[in-house]
Structure formats: structure tokens, C-alpha cells
Amino acid sequence: MTLKLGCIADDYTGASDLANTLTRAGLRTVQTIGVPAADLALPEVDAVVVSLKSRSIEASLAVARSREADTWLRGRGARHVLFKICSTFDSTDDGNIGPVMDALAGDAGDGIVLVTPAFPETRRTVYQGNLFVGAVPLNESPLKDHPLNPMHDANLVRVLARQSQRKIGLVDLATVVHGPEAIGHRLAELAGQGIGAAIVDAVFDADLTAIGAAALNNRVSVGASGIGLGLARALVEGGHVQSHGLAHHADAPVGGLAACLAGSCSQATLQQIAHAETIMPVLHLDAAGLIAGPDETRRALAWARERIGKGPVLIASSATPDQVSALQARHGRDAAGHAIEQAMADLAEGLIGAGVRRLIVAGGETSGAVVDRLKIPGFLVGPEIAAGVPVLRAIGAGAGDMLLALKSGNFGGPQFFADALGLMR
Ligand SMILES: Nc1ncnc2c1ncn2[C@@H]1O[C@H](COP(=O)(O)OP(=O)(O)OP(=O)(O)O)[C@@H](O)[C@H]1O
Ligand SMILES: O=C(O)[C@@H](O)C(=O)CO
């Protein structure tokens, strides 16, 4: 295997978002869970997206795991490695975007790193270094209420400067519109001024093409699926990769029962759960009960077993920002988050034991806990359900023949669960 592109994603939904984007841009792509074991039979691919659950862990651990993935990817031919972060730059002043970027760029010998979370297809744009979610700045969007990484500053030059040892600069839109050479010249100018990373503006899809072409001149870049799209286009248009379609049998039916789990508390997910209540049984979990002990998950599994033979069900811990804050005040943010993630993993394990083979999970951290518990080593990419969310087919020993969808909290329309079930047969 000689990879044309290596990617390290800081959560599992973000990894599947990127794998979806690369696949649709013509790259044969596989998503792995962690650095693959030697016995994982990978198909011939152009790109590998190594999923880590590293977005909200201690920074030094995120750095160590990311460097392991970087070594594995470069050992299989990847000349360029994209560190895939959230399009809403989910992080705190303690990291982990800055520390991981510093480590990967230092290992690669890159004097300056191109950074952009822009992904116009999902209405994430960057202008003068400020991140917009739709029409509002990041700090006025629902991301200000994120349970783990509330975002209170839209200016990414400031945000990254608080996390990184490098000086952070800006490549503005007026430069980007003049193409990859102009971007490259500006990056060189900034590097000459001692700048070690630059937030790069992107508002339109065409900006991603220029940015991707410029990024390939370096060995590391940082961003979301938007820069991934730009990198893929540059690889195909530069003749480095022949464009391909979906992996063989990635979308073949598996049959079996279906279920949905929601741990995301995003505004989009809450809307999707409300719609799901019009088409399937939905159980709203007692989050405090999940933290208290196993009784709540036992109750939920019994509820599910009574119903899943008749059709899909949805089980949600999701709650409004006020409810989340109240629970976190009682139990602590990280402790509450971890306990609920593990409870959702317990539920997933129980649902698989009850015959579920088609599983939809809403939330990045929630997906990480579920996939780790199910010990799935990797995924092939199937059809796209919504922007940034593909059907995934489990691969690897012990995975069993399963279809999953790992939905980023903010992605998908109100009918997402129905749309996903319609594609996961
Ligand atoms: N009722 C609740 N109260 C407090 N925390 C909750 C509740 N339900 C879920 N959580 C926690 O909130 C966090 C949700 O994070 P997760 O990454 O799963 O979703 P997300 O951030 O919306 O998705 P993404 O990362 O893909 O954008 C998890 O730690 C989860 O355990
Ligand atoms: O880029 C995004 O917004 C998503 O892929 C994500 O990272 C969700 O956790």
C-alpha cells in the first residue's frame, strides 16, 4: 500500500465526515479506529483516515496518539498528513488543536502550517480569521453551549494562539482568491516573520481548491473536511490519484434489526430526535440515572427489546443546554460526559446482542465510546446520508457484518434518522 494522503481525525464522526468527503472526491478511502493492528486487512486505498478519540482528552495524550498515527501513515507512503479537527474548531485553551499541530509540524519539519476549518457545504466559513456558522459568528452559534468544548471566541487567530507554541498569522480571502501561488507566497512571507501557523480564510468552495493545492506543498495541514476536499482535488487534478467510486460492496444490504442512539445535545440533534418521535418509538433517558448506576440502561434495553422486532427505535440521553448545565453542576462536566458515553456504549452492546446490525449514533464522543466498545477496527465508506455523514460498513475481524452511521452532532437535517434508515438496509 502506498498512501497518497494520510489523515488523523480527533473524533470518530469527524473521521467519517472526512472519509466521506475524500471518497466523493474520488479517493479510495478507509477509516480506521486508531492505528490499525498488523492483522487488519486493508483494501488498496489512496487515503486512510485514522480515527482517534483525542479531541477532549489531556493534550499530552492527544499528542502521543497523534504522533503514533502520523508515523504509521508516513510509514505507508503518505507524504502529506491532514490533522482533521472539527469545522467548529471544538477545543479549549488547553488544547488540543495547538499542541497536536505543533508536534506534527515539528516532526515533519514544516516551518509554517496552513490551518482552516472552513467547510462551506455545511455553512462553516472563515473571513478575516473569524469562523462563522451559517450567518452568525462561532461564539453566537449553538456551539457556545457545547457540553465539552463551549466556543466563546470566533477569532481563530486568537483561539489558536492560546493553544500553540507557534506565532499565529492570517492568510486573508483577498490573497486566497488569487490562487495557490499567492497563498504560498503569503505563507512564505509569514514564515519569514517568525509565524509558525496561519489561519486561512475560505468562504466559497473554490477557495478550498486553491488552499488544497497550496497545502500539498507542505507535509502537514490542519482543518476540517473542507481542506480535505481541497487536498483530494489537488491530488486528482495533479494526476497523483486516479478518481474512483465507492469501495466494492460498501453499500450492500446487511439486513438485521436497526436502532438509533443519540448522545449529542446539539440543537440539530434535538430537532432530529423530535422528528424521529413522529416515525418510531423514542426513549428519553434519565441522564442522572445513567450516572447513578446500571439500572437506567437495563430499563432502556428492556424497553428496546420489546420494540425492535417491530421496527427501529431511538434511545437518547440528549438534553437542552440548561438541563446539561444542571447535570454538569451536580456531577462535573467531564465525569458526567464520560459516564453517559459509557452508558451509551453499554446500550450499543446490548442492542447488538439483541440482533441489531444497523446502528445510527449521534455525537462524536458518543460514537467513539460506542465503536470502541463494539471493537470495530475500521470502516469502508458507503453512500452519503447527509453532508458529512456517510453509511459506514464495518471491516476487520470480529466486526461482524454491520452498517453504522456516525453522525456529527451538528450535521444532518430534521429527517436525518429516517434518511439514514432508508439507506441502511
Ligand atoms: N443529558 C446530558 N447531560 C449532560 N451531558 C450529556 C447528556 N447527554 C449526553 N451528554 C454528553 O455530552 C457530550 C456530547 O458530545 P458528543 O461529541 O457525543 O456530541 P456532539 O459534540 O454534539 O457531536 P460532535 O462532536 O460530532 O459535534 C458527551 O460527552 C455526552 O456523554
Ligand atoms: O467537522 C465537523 O464539524 C465534524 O466532522 C466533526 O468534527 C464533528 O465532531
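Read-outs: derived from the displayed coordinates by stated rules, not from any lab. It should be emphasised that the depicted structure is a prediction, and the values quoted were computed from it without experimental measurement. Please note: Cβ atoms are built from the backbone with ideal geometry, for glycine as well, and neighbour counts cover all protein chains shown.
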Quick one, could you list the DSSP H helices from the chain stretching 27 Å or more along their long axis (Cα atoms) with average Kyte-Doolittle hydropathy of -0.5 or above? 333-353
Please state the charge dipole magnitude for the chain, taken about the Cα centre, from unit charges on C-beta atoms (+1 on K and R, -1 on D and E), reported in debye and rounded to the nearest 20. 600 debye
Taking Phe411, Phe119, Phe204 and counting other C-beta atoms within 10 Å, the order from fewest to most: Phe204, Phe411, Phe119
In the stretch 229-317, the trypsin sites (Lys or Arg not before Pro) that sit in a DSSP loop and have at most 12 other Cβ atoms within 10 Å of their own Cβ are Lys310
For the stretch 363-417, run through the trypsin sites (Lys or Arg not before Pro) and keep only the ones in DSSP coil with at most 16 other Cβ atoms within 10 Å of their Cβ. Lys375
Percent antiparallel among DSSP beta bridges confined to the chain, rounded to 5, stands at 30 percent
Nearest 500 deg cm²/dmol is fine: what mean residue ellipticity at 222 nm does the chain get from its DSSP H runs of n ≥ 4 alone, each adding -39,500 (n - 2.57), divided by its residue count? -12000 deg cm²/dmol
Quote the charge dipole size of the stretch 364-423 about the Cα centre in Debye, to the nearest 20; the model charges only the Cβ of Lys and Arg (+1) and of Asp and Glu (-1). 120 debye
Sorted from fewest to most neighbouring beta carbons within 10 Å, what does the list Ser318, Ser51 look like? Ser318, Ser51
Give me the Debye-computed log₁₀ of I(q)/I(0) at q = 0.15, 0.16, 0.18, 0.27 Å⁻¹ for the stretch 81-143, equal point scatterers on Cα only, no solvent, two decimals. -0.52, -0.58, -0.71, -1.19
Obtain the nm distance between the two label points defined at Val203 and Thr320 by a simple spin-label model: each point lies 7 Å from its Cα along the Cα-to-C-beta direction. 3.6 nm
Hydrodynamic radius of the chain per Kirkwood, over alpha carbon pairs, in Å: 21.3 Å
Along the Cα→Cβ direction, 7 angstrom out, place labels at Asp334 and His249. What is the inter-label distance in nm? 4.3 nm
Listing Tyr12, Tyr127 from the residue with the fewest other Cβ atoms within 10 Å to the one with the most, what is the order? Tyr127, Tyr12
FRET efficiency for Leu283 and Ala174, Cβ-Cβ distance as r, R0 = 45 Å, nearest 0.05? 0.30
Exposed loop GluC sites (Glu not before Pro) only (DSSP loop, at most 15 other Cβ atoms within 10 Å): please give the longest stretch of the chain free of them, not including the sites. 59-276
Separation between the Glu189 and His240 pseudo-spin-labels, each 7 Å from Cα along Cα→Cβ, expressed in nm? 2.6 nm
